[in-house]
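**Q** Starting off with a structure, shown below.
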Amino acid sequence: MGDPSGAPTPWGLASLEGTDMQQGTAPHAEDKDRRSPALAVAAYMRVSTAEQKRRYGVPAQAEATRAFVKQRATWRLEGTWEDLGESGSTTSRPGLNELLAEIVEGRVDVVVVSSLDRLGRTEATIWHCLWQIEDAGAAVECCDLDLGEPGLHKWLTIDRLARSVEADYSRIVTRTQSGRQLKAVDGGWPGGPAPYGYRISGKGAFGSTLEVDPTEAAVVRLLADLVIEGGSTLMDLAEELNRRGIPTRSGKPWTRANLHRRLEGAAFLGEAVFRRPDQQWGGHCTRLDDSGRPLYGESVVIPLPPILAADRIHAFQRALAELARPRRTPLGEYPLTGRVHGPCGRPYVGCFRSNDGVRTYRCSGWQQNVSCGCPYLRADYVEEQVARYVNVLLASMPLPDRPMMPLSSEVQTRLNLHVERVRSLERLVAQCAEELDGLRRQTLPSSVVAAAVRQLRADQGALVRVLAHARDWLEELDAQAGRDGRLSAVLGATAPDSQDLSPSEQRHLIESLGVRVDIADREFRYREGTKCLTMQWHERTATPVPPDPTDTQWARIDEFLRSRYRPHHFRSPLDLRAALTGMLHRLRTGVLWRDLPERFGDPRKVRFRQRTWLADGVWAEIMKLLGEGGEGTPVLIHGAAPALSIRSAYGVDRAGIS
């Protein structure tokens, strides 16, 4: 910093130029020009909307970067990397990630962007993308403005530009939201999909409004009738709609979850609310301030042409309150999603079975118009089997051949570089504070001191802002280094144990190995729902399932039964000995009642007879009589799993796991 009046001052920050002023270890483009006859240049372009992708966005950026590179004789344009339709608020994008990999390989020296907002639309995103490129080993240049030499001037220039980019982005958002607010206040539809039961009239025009969609309105009236009549659960309602061949708006079958969202929609409330603060759905929700109010304007009630009469709406809402709300249990992470395949060939996805509180994987064809019938898999079982397979596979591979080993060193290098950057910024901020203290002790004219103080405070404020972004990025890098450190520890162990990793880390490892799981037992069926009372009795009493009765044993059991029951108990066409054998077979194998072989009798009658014997205490006596020899097998636990076939891209198969 110099004296604003032009007079030399002893407290300027010019003396701070040097290693503390460097943003990173990457050399500046002009420095490379002096060392190398040619620099490899990459053009990076980003547009966030399909409109820009189709029309002016990409061609305009491409023309600007080509002209910029053409002016420099020692620059050679190696290629362009694009992110089309990618938000400027994210730091991980496909095109940018590919470009970073090219830089790490030494194939790119300089990255050129048409303007700084192509790196990001917020200050934090711009800094994070810039630091990723620099720490990978390349410099960044802008076509519309010279960023300057590495040092304080470059810090301040990028800070000023980044603030301008975010301010411009905020103005665009504010104008857009203000326009939507005015449109909603005027009774128009402010944008987005129409509520179920309605369609947009005049779509794309300023005066677009909602009108009743006759097809969906008929479904709204049907649902209102079914709910008001009572006696149905949300699942029953969804199944009724599917049975009648009524699809959702997207053409998919109805489920308990998507039906519940529709039942809380505008048609059943009698009104549409723009910026409804009490309804947040995923990432598309009303942004709230610290007080819980909508960030860009107050909520607006938009009047709608009615589908239901007011009294029907009130009756519907009272009846809906009596229906059970779907349980919103967090699914957590399922590392094998997409890696398991059932008999139908479709991939499995993670699924929490709220009825029995079990994490499972289910086939993605489960909700098709015609269900494939593939069985559920208990998540803990299949994940344990895959972990064992992965451990054996890794142990059989030499250390250099194990996947993902280099990741930790790369992240650690970036982390070390950024740590030095943070320390440099901290020193600069501290030196700014010392400069300010020195200014207050000067005897120069007050106007000169005041001007210098203003400038120094502005520079200090910029450095503090950059330091805050740098610390945030350091936390992310530190967390990534921790994850990669754990991964490297597992991969580098003589006897690796992949279960020491988090679910997301396990998924990363499984994908890198190309693991695939297939169900080897096509006849297996998951034991759904609550365990039967007989199975619970065996588990509670630790009573094993005895062998089938011999002739002598059956004679004793028949005599015992006739002493406990009247003659009508034996007039059924059901063969009681075959039925008892079927009961024992089911307890040993875990077969579903509906799949009980015909030789044991009608499954419904066998099931009813078993319940009767258990309730009367007869079952316990039968087990005692059959177990006199001490033989028996444990009851098949609830949620048993089929045999699995596991293989990977490394050619090692493991089949018949059970």
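**Q** Within the stretch 271-309, work out how many residues are modelled with pLDDT of 75 or more, touching a helix residue (DSSP H, G or I) at 6+ places or on another chain (Cβ under 8 Å) and in a loop (DSSP other than H, G, I, E, B).
**A** 3
**Q** Another question, if that's okay. Among (1) at pLDDT 85 or above; (2) loosely packed, with under 15 Cβ neighbours inside 10 Å; (3) not in a loop (DSSP other than H, G, I, E, B), where does Ala217 come up short?
**A** All conditions are met except number (2).
**Q** Does Val466 qualify as being open to solvent by 20 Å² or more (accessible area, probe 1.4 Å) and farther than 19 Å from Val392 by Cα?
**A** no
**Q** I've got another one for you. Residue pairs, Cβ under 8 Å, 6 or more apart or interchain, first in the stretch 609-630 and in contact (Cβ under 8 Å) with a residue 60 or more places away in the chain, second open to solvent by 30 Å² or more (accessible area, probe 1.4 Å) and of a type in the set (D, E, K, R). List them.
**A** The qualifying pairs are Leu625/Arg556.
**Q** Within the stretch 220-246, how many residues turn out to be in a loop (DSSP other than H, G, I, E, B) and exposed (fewer than 14 other Cβ atoms within 10 Å of the Cβ)?
**A** 5
**Q** Select from the stretch 559-580 the residues that are open to solvent by less than 40 Å² (accessible area, probe 1.4 Å) and in a helix (DSSP H, G or I) and list them in ascending order.
**A** Answer for the stretch 559-580, where residues must be open to solvent by less than 40 Å² (accessible area, probe 1.4 Å) and in a helix (DSSP H, G or I): Leu561, His569, Leu576, Ala578, Ala579, Leu580.
**Q** For the stretch 130-141, state whether one or more residues are more than 32 Å from the chain's Cα centre (by Cα) and open to solvent by 30 Å² or more (accessible area, probe 1.4 Å).
**A** no
**Q** Which one of these is within 20 Å of the chain's Cα centre (by Cα), modelled with pLDDT under 85 and of a type in the set (Lys, Arg): Arg318, Arg327?
**A** Of the residues listed, the single one that is within 20 Å of the chain's Cα centre (by Cα), modelled with pLDDT under 85 and of a type in the set (Lys, Arg) is Arg327.
**Q** List pairs: first in the stretch 469-490 and in contact (Cβ under 8 Å) with a residue 12 or more places away in the chain, second of a type in the set (Phe, Trp, Tyr) and open to solvent by less than 40 Å² (accessible area, probe 1.4 Å), Cβ under 8 Å, 6+ apart or cross-chain?
**A** Once the first residue is in contact (Cβ under 8 Å) with a residue 12 or more places away in the chain and sits in the stretch 469-490, its partners that are of a type in the set (Phe, Trp, Tyr) and open to solvent by less than 40 Å² (accessible area, probe 1.4 Å) give His469/Trp127; Ala470/Trp127; Ala470/Trp131; Trp473/Trp127; Trp473/Trp131.
**Q** I need the full set of residues from the stretch 506-536 which are modelled with pLDDT of 90 or more and under 30 Å from Gly629 (Cα atoms), in order please.
**A** none
The values are calculated or read from the model by the stated rules, or taken from the named source; none is laboratory data. Worth saying up front: this structure is predicted, and the values here are computed from it rather than measured. Heads up, the Cβs are rebuilt from the backbone with ideal geometry, glycines too, and the neighbour counts pull from every protein chain shown. To get the accessible areas, we keep the full protein, side chains included, count just its heavy atoms, and leave off ligands, DNA and RNA. Shrake-Rupley method; radii C 1.70, N 1.55, O 1.52, S 1.80 Å.
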